[in-house]
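Down below is the structure, laid out as structure tokens.
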Amino acid sequence: MDSLILQKTTRDDIHPVLAIEKLSFHSPWDARTFMAALSDRRSYNLTAVYQGQVVGYCFTIAMKRMVHLLNLAVHPEFRQQGIAKRLLDAIFLFARSGRKSYVFLEVRKSNDIAKKLYFSQGFSHVCTWQRYYSDTGEDASIMVKRLERT
């Protein structure tokens with residue numbers, strides 16, 4: 001994926017982002033939720049583009065000492081090619097540049113593929129939020145990565 005470009009997400013990206021979202025999640029975000037995330041001044045949102053096609057994205061929000069990874073997905077045809085790792089690396093860089101100490105996220109307890117990725121990138125499981133996901137009542141694993149100062 002040498003020609004992969006990471007760029008700030010814009011309103012023009014929402015349609016392809018929504019398509020990936022619907023392919024990726026049981027309870028996908030809707031356009032209104034994405035637009036609200038885009039308009040939040042604390043947000044940092046990236047779109048991964050390969051050969052002119054949106055193939056992945058991430059949405060985050062910066063808090064006082066941490067960055068909350070709200071949403072990350074890669075189109076099914078482009079998974080296992082390092083795109084999610086590239087997006088995470090960009091999030092870590094953003095967080096460090098803002099002098100944040102942590103990145104945290106919640107992930108479905110059953111999402112072993114995502115958890116494997118997050119563990120490989122230095123995240124630790126810190127707790128479980130029971131019945132977090134309203135669509136299924138599934139628990140969420142809360143994961144945190146402590147950022148080293150550079």
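Quick check on this structure: which one of Tyr102, Tyr57, Tyr133 is hydroxyl-bearing (Ser, Thr, Tyr), touching a strand residue (DSSP E or B) at 6+ places or on another chain (Cβ under 7 Å) and surrounded by 18 or more Cβ atoms within 10 Å (Cβ to Cβ)?
So the residue among Tyr102, Tyr57, Tyr133 that is hydroxyl-bearing (Ser, Thr, Tyr), touching a strand residue (DSSP E or B) at 6+ places or on another chain (Cβ under 7 Å) and surrounded by 18 or more Cβ atoms within 10 Å (Cβ to Cβ) is Tyr57.
Determine if segment 92-102 includes at least one residue that is in contact with a helix residue (DSSP H, G or I) (Cβ under 7 Å, 6 or more places away or on another chain) and without any contact (Cβ under 8 Å) to a residue 60 or more places away in the chain.
The answer is no; no qualifying residue exists.
Can you pull out the residues in segment 8-30 that are exposed (fewer than 13 other Cβ atoms within 10 Å of the Cβ) and modelled with pLDDT of 95 or more?
Residues satisfying the conditions are Lys8, Thr10, Arg11, Asp12, His15, Lys22, Asp30.
Go over the candidates Ala48, Ala62 one by one and state the one that is touching a residue at least 24 places away in the same chain (Cβ under 8 Å), under 28 Å from Asp2 (Cβ atoms), of a type in the set (Gly, Ala, Ser) and surrounded by 16 or more Cβ atoms within 10 Å (Cβ to Cβ).
After applying the criteria, what remains is Ala48.
Against the condition at positive phi and of a type outside the set (Gly, Ala, Ser), how does Arg149 come out, does it pass?
no
Name, by its number, the condition in (1) part of a helix (DSSP H, G or I); (2) hydrophobic (A, V, I, L, M, F, W, C); (3) closer than 21 Å to Leu93 by Cα that does not hold for Val55.
All conditions are met except number (1).
For segment 121-129, indicate whether the set of residues that are hydroxyl-bearing (Ser, Thr, Tyr), over 16 Å from the mean Cα position of the chain (by Cα) and under 21 Å from Arg79 (Cβ atoms) is non-empty.
Checked against the condition, which is being hydroxyl-bearing (Ser, Thr, Tyr), over 16 Å from the mean Cα position of the chain (by Cα) and under 21 Å from Arg79 (Cβ atoms), segment 121-129 yields no hits at all.
Right, Ser141: at pLDDT below 95 and either polar (S, T, N, Q) or assigned to a strand (DSSP E or B) (or both) or not?
no
Do you know which of the residues in segment 86-103 that are in a helix (DSSP H, G or I) and aliphatic (A, V, I, L, M) is farthest from Leu70 (Cα to Cα)?
That would be Leu93.
The values are calculated or read from the model by the stated rules, or taken from the named source; none is laboratory data. All of these numbers come straight from a predicted model, not from anything done at the bench. Methodologically, a virtual Cβ is constructed for each residue, glycine included, from the backbone with ideal geometry; neighbour enumeration extends over all protein chains shown.
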